[in-house]
Amino acid sequence: MMPERHNLKNSITHPVFRQIGNVSDQEGVETYIIGGFVRDVLLGRKREVFDVDIVTVGSGIDLATKVAATLRPGLKVSVFKNFGTAMFRYNDIDFEFVGARRESYRQESRKPVVEDGTLEDDQKRRDFTINALAICLNDNRFGELLDPFDGIGDLENRIIKTPLAPEITFSDDPLRMLRAIRFATQLDFIIEDKTLAAIKSQCKRIEIVSKERITDEINKIMLTPSPSIGFKLLEKTGLLAIILPEVQNLKGRETRNGIGHKDNFYHTLEVLDRIAKNTDDLWLRWSALLHDIAKPLTKRFDPRLGWTFHAHNFIGEKMLPALFDRLKMPLNEKLRYVQKMVSLHMRPIVLSEEEVTDSAVRRLLFDAGDDIDDLMILCEADITSKNPDKVSRFLSNFQLVREKLKDIEERDALRSFQPPITGEIIMETFALQPCREIGIIKSAIKEAILEGEIHNNYDEAYQFMLAKGKELGLIAKQM
Ligand code: CTP
């Protein structure tokens, strides 16, 4: 249910709003709340990041400075002269002020030509009708809603639509094509046909937008409850092929000798939606999106085996640094984490297909380390077979893998495996200089632990080292 249509004074109770209205009255300017805050009030949606956009028919910088001075002496105002904007933070809310503008962008450039304008000029140049709603803050009209483009109607009908012809709105800022898809995904709205058609016809213009802004929108899509909505729209409009060709290439199926393989694009989206139910971690979600990216590259048809995607996990892992670099995503432990998830994503499944031996579980735990729980979440999300028998068999075996993992972890503490015997101890024990034998003994100890021949503790590993040294013809120093 929408709040009362034309007056929202009961929805904007924060005292700062009254204060902004009072200062505006003193200055003789009209001032409004505009944008996402108004949209979310009308939707009854809780905002995660609390920021409020204020537009005044005058100078945004002057108004912000004057309001801040009345709130608290010394309240810091950040001024962005070039953009004619200013902001301050009060009670954990960011208030961002701008003067109403007419604005247009030159082709192939993001540099706007800006002039002062009326409120309606300003509303026109906003991205969507649902983001162009304004609430007046001046005292005699406090709470009045200004909605020249029927944003309310679009909120009620759950439609994303541009206030002007979409070609104009999108050419002003091509990032808005992605924002349309992001809002459709976040709010579960439909993009109006003409707006969608314009995204399709202008998709190539996304290339002039910075990678950081693009990635920011993709991340927001990733963090919604059903990211597949967004990725299907990205694919349909041609944006996916430009931004993430690796994911686009997953689309399609081929049949040979009557044997087909699944469409890996739709499979991936199913995995992504499934994982979204179990984690809010952005990077685990990225791992789900990218887990199969090397399938198109590694696809082969073998008349005996059917379709194979040999080593797609390892090749996928190798494709990631270039992808992260291109999208200006972090090239640090986040990348390494996604690489690890992609390279190991089949291990728990393979394990659950076979007899679940202690040593295989130990090896998995050793390779995954602290990320084992995330890997299990990914792997479970990856089980999307249409065959219910197969799914239930996998899931019950998976349960067994989980139990064994827990059991072995309690006994062997392999999650944060540190070799109980270091190279220094080996050198000291056998009076050795750096040499090949040290590596041989170290990896023999690790293997013995993983195979369950010895436990993961100092005493057993020390005895094992002495025996292995002897086998290699080394003599232990008398202690
Ligand atoms: N806006 C726009 N074009 C853009 C970015 C923003 O017209 N490319 C306008 C919209 O009116 C938008 C407002 O600026 O509502 C504020 O933008 P932003 O803070 O990015 O988004 P919100 O709409 O507030 O939504 P959210 O905070 O959920 O991202």
With the range 50-191 reduced to its Cα atoms and the Debye formula applied, log10 I(q)/I(0) at q = 0.17, 0.18 1/Å amounts to -1.07, -1.17
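For the range 1-84, what is Rg from Cα atoms divided by 2.2 N^0.38 Å, rounded to two decimals? Show your work: numbers first, answer last.
Working: Rg = 13.8 Å, N = 84, 2.2 N^0.38 = 11.8 Å.
Dividing the Cα Rg of the range 1-84 by 2.2 N^0.38 Å gives 1.17.
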At the level of C-alpha centres, the distance separating the range 8-80 and the range 301-367, in angstrom, is 50
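Once you compute Rg and the Kirkwood Rh from C-alpha atoms, what is the Rg to Rh ratio for the chain?
Working: Rg = 29.7 Å, Rh = 26.7 Å.
Using only Cα positions, Rg/Rh for the chain is 1.11.
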Accessible-area order for Thr85, Thr118, Thr185, largest to smallest, probe 1.4 angstrom, reads Thr118, Thr85, Thr185
In whole angstrom, the spacing between the Cα centers of the range 368-433 and the range 154-226 equals 42
Here the relative contact order (percent) of the chain, from C-alpha pairs under 8 Å and at least 6 apart, is 8
Residue-ordered couplings for the range 180-190, obtained by feeding phi - 60° into the Karplus form 6.51 cos²θ - 1.76 cosθ + 1.60 and rounding to whole Hz (Gly and Pro as x), are 4, 5, 5, 5, 4, 6, 5, 9, 6, 9, 9
For the chain, the longest principal axis of the Cα atoms and the Cα long axis of helix 388-412 enclose an angle in degrees, to the nearest 10, of 70
As a Kirkwood estimate from alpha-carbon pairs, the range 159-243 has a hydrodynamic radius in angstrom of 12.4
In whole µm²/s, the translational diffusion coefficient that Stokes-Einstein assigns to the range 423-471, given a Kirkwood hydrodynamic radius over C-alpha pairs, 10 °C and 1.306 mPa s, equals 147
The lysines whose Cα lies under 27 Å from the Cα of Lys81, excluding any fewer than 8 residues away in the same chain, are Lys66, Lys111, Lys124, Lys211
per DSSP, antiparallel bridges as share of beta bridges in the chain, % nearest 5, sits at 80
Under the helix-only model (-39500 (n - 2.57) for each DSSP H run of 4 or more, divided by the residues of the chain), the mean residue ellipticity at 222 nm, to 500 deg cm²/dmol, is -15500 deg cm²/dmol
For the range 411-451, shape from the Cα gyration tensor axes a ≥ b ≥ c, cut at a/c of 1.5 then a/b versus b/c, turns out prolate
With Cα coordinates, the longest principal axis of the chain makes an angle with the long axis of helix 312-326, in degrees rounded to 10, of 40
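What GluC sites (Glu not before Pro) in the range 330-376 are in a loop by DSSP, with at most 15 other Cβ atoms within 10 Å of the Cβ?
Passing both the DSSP loop test and the Cβ count: Glu354, Glu355.
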If unit charges are put on Cβ atoms (+1 for Lys and Arg, -1 for Asp and Glu) and the dipole of the range 162-227 is taken about its Cα centre, the option from Thr195, Ser210, Pro225 lying farthest towards the positive end turns out to be Ser210
For Leu42 the rounded accessible area (nearest 10 Å², probe 1.4 Å, non-protein molecules ignored) is 0
Rounded to the nearest 5, the percent of DSSP beta bridges in the range 10-102 running antiparallel is 70
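The values are calculated or read from the model by the stated rules, or taken from the named source; none is laboratory data. These numbers were taken from a predicted model, which means no experiment stands behind them. Ideal geometry is used to build each Cβ from the backbone, glycine not excepted, and the neighbour counts take in all protein chains shown. Accessible surface areas use protein heavy atoms only, side chains included; no ligands, DNA or RNA. Shrake-Rupley method; radii C 1.70, N 1.55, O 1.52, S 1.80 Å.
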